[in-house]
Structure formats: structure tokens, C-alpha cells
1. Build a GNM of the chain with springs between Cα atoms under 10 Å: which of E74, E257, E286 gets the top mean-square fluctuation?
2. Translational D (Stokes-Einstein, µm²/s) of segment 181-245 at 20 °C and 1.002 mPa s when Rh comes from the Kirkwood sum over C-alpha pairs?
3. Could you grab the Rg to Rh ratio for segment 91-132? Cα atoms only, Kirkwood for Rh.
4. Please compute the volume of the convex hull spanned by the alpha-carbon atoms of segment 210-349 and report it per residue in Å³.
5. As a check on your grasp of the helix formula, calculate [θ] at 222 nm for the chain: sum -39500 (n - 2.57) over DSSP H runs of n ≥ 4, divide by the residue count, round to the nearest 500.
6. Any chance you could look up the accessible area of V242 with a 1.4 Å probe, heavy atoms only, rounded to 10 Å²?
7. Evaluate Rg over Rh across segment 36-137, taking Cα atoms for both radii and Kirkwood's formula for Rh.
8. Can you tell me the convex hull volume per residue for segment 284-387, based on C-alpha atoms, in Å³ to the nearest whole number?
Amino acid sequence: MASVSSLGAGSGMDLEGLVKGLMKVESLPLDTLKAKVTSFNTKISALGTLSSKLSSLQTAAKALKPNLLQAPLEKFATYSASVGNGDVASATVGAGAKSGSYSLEVTQLAQAQKSRVDSADIDYSDSPLTLSFNDGRTPVTITPGSNSLTSLANAINQSDSGVKATIVTANGGQHLVLTGEEGDDNGFSVSGLGLDSNSGGNVTTTQGARNAEFTFDGVPVTNASNTVTGVLEGVTLNLKAVTTAPTTVTVTAEHGEKLQSSLEAFVKSFNDAVGSIKSLGSYDAETKKTGDLNGNRLLREAQSTLRNLVFEESPDGQTLSKLGISYQKDGTLKLDSDKLASAVANDPEAVAKFASHVGTRFNTEVDKIAGLGGRIQASTDSIKTNVRNLEKQQEALEARLVKIEARYRSQFGALDSLVANMNSTSSYLASQLSSLSK
């Protein structure tokens, strides 16, 4: 709002202070509007905090639920695999693994073709080197950058043929050793540069390409590589040696560790939400300070919902104590790891099923409050609408106050001029009367 520091200079009256005092009174409704806007914005922020804590709890609850078409116990299974004779093979597990025991007999390991070319046999004036493969794929043509064995080896290694070249120096000469990939289909022949892989040619195959052959649980299997996937879902076998007797591949499942970590995350998120609810709804009798949502209906509803869910029984009469979770006096939860481990050891399927029930119930009920389109969002949207309306009223009132102040300043400016003129006249008359008396 405008300020004229010279107001009152003519009359000697504190007209500036008078205008400021009047405007302070006129601004009381504006101060009230600003206080309401501040209060509403504080409530919006507090509701955001509550929503965030409840959303974290909802996320932890979802982590207790199995995925679609997944049994509750599978949700918490951690699989591992072992091979009875570790010299024959090793095994690792991934997604889709299932518990079980299977027999394995390895009759042949896969191997890659190795061929040797003597440098003296290479004719760089001949056509480029060509690699042809047993599986009938398009042959790969390779042209060395210069007439040297190193250049030829580099060109082969930089090609996308799958064949790798190394140079071996022995017996007074250099030899190019070509190594393909495992499996019969990856066997190759060499032509060009004066070379020939055919019988009696100058390319010597020192090791032929072949597939791995083994029997898995009585089923004969052929695989191009010693790394075997797809034979048993979720399990990768790495074949190492031919068996002299069958060995066993065992896939086992452990549930306690994942159950405990999931429930620990759930309990922590629950306690964080409870702590936030207490803080937002608090009241300090000594300082008379209240939390930002003290007395708020939604806060009480969230508190009541969490408490009811804690004591709710499953359809078969189970409670959270089944999972080793107890309710504390301060409203928080506590997980007893030993009790949970005992329950899992006794009946892991029942524990997983109840954990899934808890996750489903918490997710459903918390979503009604903090989810998309839930009650917190509806309340927040309503408050934001009120804030916008108040801000419009504030703008209108501020414009009105500018006009009121301008009117006051105009009126008091005229008064200032009038009093100044009267003071001037009074001084003149006093001067004249003083002259007459003399």
C-alpha cells in the first residue's frame, strides 16, 4: 500500500500515523483471511505427511501378498540348488525354480572345434579367408589388413563369426590356432588364402566340435553347450565331467528368511505410520501447542482403522500373534523373530497364507484412506478449493484496501493543507496585532 512520508508536514499533526492506524483496523479482515489460508496450507501439508506414511505401509502390505497365480508359500520361497557330485556339474537357480530331486548322468561333454594353420601355408595373394559352418549359416568372409599373421588373427577376432584366433610360436615357426564355439553346429571349415579344410588339406583339425549328451531324470538330452538351461525350469546346469555313476541334482526351498524380512518391513512401516499419527494429533498441555491435525476426523479414522486391523482375526481365527507380532502399549507392533521362526518351521504354508491375508486386508483398508481417490485426497482437494476461494477474496480485499488508503490520504492531505493555511493565517494575524500594539 502507498505511503506518503510528507503527510502532516504542513499541519504538524501525525497524520501519517493516523492513516497507518486506520489501515491497520481496515486490514483486520485481510489478516483473518491470510491466517485461514496459512491454516489450510498447514493442514494440506500434514495430510500429505499422513498419506505418505500410510502409502509406505500399504507398499509393505502389498509385499506380503502373492502375485497372480502364485501360491502364498511361493511368494516367500528362496531356492537353492546343489549337485551330489560337484566334480560332474554345478547348478544355479533363478525365477521359476521348484523344489525337487533329479538324477543326472553325463555321457559326453560339449566341446568347440580347434584347427591349426601353419603360417607357411598361407597365401596372401589368394582370395580372402572364408569360414563356413556346419549349421549352414551364411559363410563369413575375412580380409586381413596386411600380409601378416597378426593382421589376419586380428581380422578374425574382430569379425562376428564366433571363431577366435591365437598365434602360437613353436618348432621354429608360427601357427594360427582357430577356436570355434561349443556344439556340433558350430563346427567350421576354412577356405581362401590358399587354405583348404578338406581331407588332406593344409588346415589340421586338432579337436572336433560336438554337443553335450546326458540323461536328466531318465530323459536323454543333447545340448550344444555345457551350460544347460531350459531342461529344468529356473535351473542352470554347468556340466564339468562325464559320470561313472548317476548323481543327484537337488533344488530346495527356504521360506523363513524372506518371511522375516517382509514382516520386519511391514512392522517398521506400521510403527512409522503410528508415530506420525501421534505427532500430527498431539497436544502439549504445558505449551498449549497442538499437532497440525489435532482433532481431525481423518486422522482419527486412520488411527482407528490400523488398530482394528491389528486385532482382526482371519476367517480361520488367526491373529497377528501367529506371525510372532505383538501389540505394544504405545500402539506399535513388535516382531518376535524366534516365535516366527518356530511357526515357519512348524507349518510354513499356514504362516505364508496368514501373512498374505494380513497384506491383503491392510492393502485394501489403507487404500480407502490414502489411495488414489481415497478420503485423504478428497479432503485435500476440498481444502485446496477453499484456499483458492480465500485467495480470490484476499486479492479483492487487497485491491479495496488500496482504494481506502488512497481515500484516507486524499482526505487527510486536504485536512493537512487546510490546517496549514489556518496556521499561516493565524501567524499573520498574530503578527499584525503585535504591530498594532506597538
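1. Among E74, E257, E286, the largest GNM mean-square fluctuation belongs to E286.
2. Working: Rh = 14.3 Å.
In µm²/s, the coefficient rounds to 150.
3. Details: Rg = 22.3 Å, Rh = 16.5 Å.
Result for segment 91-132 is an Rg/Rh of 1.35.
4. On the way: hull volume 30.6 nm³, N = 140.
For segment 210-349, the hull spanned by Cα atoms encloses 218 Å³ per residue.
5. -15500 deg cm²/dmol
6. Roughly 80 Å² of V242 is accessible to a 1.4 Å probe.
7. 1.40
8. Working: hull volume 13.5 nm³, N = 104.
Hull volume over Cα atoms, normalised by residue count, gives 130 Å³.
The values are calculated or read from the model by the stated rules, or taken from the named source; none is laboratory data. Quick caveat: nothing in here was measured; it's all calculated off a predicted structure. Virtual Cβ from ideal backbone geometry, glycine too; neighbours counted across all protein chains shown. Ligands, DNA and RNA are excluded from the accessible area calculation, which covers all protein heavy atoms including side chains. Shrake-Rupley method; radii C 1.70, N 1.55, O 1.52, S 1.80 Å.
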